[in-house]
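Q: My questions all concern the structure below.
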Amino acid sequence: MAQAQLKIAPQHQAIPNPASHAKVLAVNGLGKSYDSQARVLDDINFDLHAGELVAVIGRSGAGKSTLLHVLNGTIPASEGEIRHFAENGKQQNIVELNARQMRQWRSECGMIFQDFCLVPRLDVLTNVLLGRLSQTSTLKSLFKIFPDEDRARAIGLLEWLNMLPQALQRAENLSGGQMQRVAICRALMQNPKILLADEPVASLDPKNTRRIMDVLRQVSENGISVMVNLHSVELVKEYCTRAIGIAKGRIVFDGHPSQLTDSLLHTLYGEEMSQLN
Ligand SMILES: Nc1ncnc2c1ncn2[C@@H]1O[C@H](COP(=O)(O)OP(=O)(O)OP(=O)(O)O)[C@@H](O)[C@H]1O
Ligand SMILES: [Mg+2]
């Protein structure tokens, strides 16, 4: 399949993308139960379009991380469908993929995990190159043999996120904000069509928070669909083009962040309202 390369541009200079706004996912009747417990996700329905920057919001335990993991395929759905519309016109239901197809899907649907999932003893550059793992043979990646064009792209991404000086430093010696940027580079290294980020700014200082949110905005402006779990309503209103509010595993709001009224936020967060910023 033709893979559109992410154009690396200075902040806020959107590059027009003809595929912008095309539907990339249609989620229908999606449900998830862990073991025999009550449903953690219940009848989730929404469409995702190219270029959207969608916040997923809701109180702790609402099901936000579960939703991203089910979309990415790292946690299997219990019911419903996740229909993916590829650029070549093909459609597939993510919940029905076999192991090989699932690996391919994960290379198109990048995920930034809450705990970064970097390899601590490997240097930053290799960690980023591991984003190409699904397109590189295991043996080659074991010996860190990556094509020159991959290395050039990894260096370009690190430079873009001001991480080039740390390229040869072990990941375990980075600060939280630096690890977060490396995790973003690794996810972008796979040229994803969709980028899922689970609380990418949790525990970051304000400067690094804005840096990461600026990057996610720029990624979405390049035509990639971005879904991001956020706890800050202020950031949602400033950066996101859409918010999906989840309470007890169900969507209770899906609209523009400016429509998030106090009463809606109260429905979403209950007594956690006082902890919001
Ligand atoms: N592996 C698991 N096994 C059983 N229950 C789980 C598992 N993972 C999550 N849950 C439960 O599913 C519910 C939703 O969890 P999830 O992590 O999706 O919430 P969240 O909205 O991301 O919360 P937070 O804001 O705290 O990260 C919670 O009640 C949680 O205890
Ligand atoms: Mg979570």
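The values are calculated or read from the model by the stated rules, or taken from the named source; none is laboratory data. Values in this document were obtained by computation on a predicted structure and should not be read as measured data. Here the Cβ is made from the backbone with ideal geometry for all residues, glycine too, and neighbour counts use every protein chain on show. Please note that ligands, DNA and RNA were not included when accessible areas were found on the heavy atoms of the full protein model with its side chains. Shrake-Rupley method; radii C 1.70, N 1.55, O 1.52, S 1.80 Å.
Q: In the chain, if the dipole is taken from +1 on Lys/Arg beta carbons and -1 on Asp/Glu beta carbons about the Cα centre, which of 45, 258, 156 is farthest to the positive end?
A: It is 156, whose Cα lies furthest towards the positive end.
Q: Counting pairs of alpha carbon atoms under 8 Å apart in space and at least six apart in sequence, what relative contact order in percent does the chain give?
A: Relative CO of the chain lands at 28 percent.
Q: A further question on this structure: Amide H neighbours of residue 197 under 5 Å, counting only residues 5+ apart in sequence or on other chains, H built in-plane at 1.01 Å?
A: It is 112, 227, 228, 229, by chain and number.
Q: Might you tell me the accessible area per residue for segment 58-98, computed with a 1.4 Å probe and given in Å²?
A: It amounts to 44 Å² per residue over segment 58-98.
Q: Whole-Hz Karplus ³J(HN,Hα) for segment 151-157, in order, using 6.51 cos²θ - 1.76 cosθ + 1.60 and θ = phi - 60°, x for Gly and Pro?
A: Couplings: 4, 4, 5, 4, 5, x, 5 Hz.
Q: Amide H neighbours of residue 242 under 5 Å, counting only residues 5+ apart in sequence or on other chains, H built in-plane at 1.01 Å?
A: It is 53, 55, by chain and number.
Q: Using the alpha-carbon atoms, what tilt in degrees (0 to 90, nearest 10) does helix 176-189 show relative to the longest principal axis of the chain?
A: 80
Q: Further question on the same structure: By DSSP, what percent of the beta bridges with both residues in the chain are antiparallel, rounded to the nearest 5?
A: In the chain, DSSP labels about 55 percent of beta bridges as antiparallel.
Q: Still on this structure, please answer the following. Which longest run of the chain has no exposed loop site in it, a site being chymotrypsin sites (Phe, Trp or Tyr not before Pro) in a DSSP loop with at most 16 other beta carbons within 10 Å, and the site itself not part of the run?
A: Answer from the scan: 144-277.
Q: Also, quick follow-up: At 0.36 nm per residue, minus the direct Cα-Cα distance, what do residue 119 and residue 102 gain on full extension? Give it in nm, one decimal, please.
A: 3.9 nm
Q: Return the long-range amide H neighbours of residue 80 (sequence gap of 5 or more, or a different chain), with a cut-off of under 5 Å between placed amide H atoms.
A: Sorted by chain and number, the residues that satisfy this are 31.
Q: Mind ranking 217, 59 by accessible surface for me, highest first, 1.4 Å probe?
A: Ranking 217, 59 by accessible area, largest first, yields 59, 217.
Q: Kindly flag which residue pairs out of 90/248; 23/207; 193/237; 193/248 have an alpha-carbon separation exceeding 27 Å in this structure.
A: Checking Cα-Cα distances, 90/248; 23/207; 193/248 exceed 27 Å.
Q: Dipole magnitude of the chain about its Cα centre, charges +1 at Lys/Arg Cβ and -1 at Asp/Glu Cβ only, in debye to the nearest 20?
A: 700
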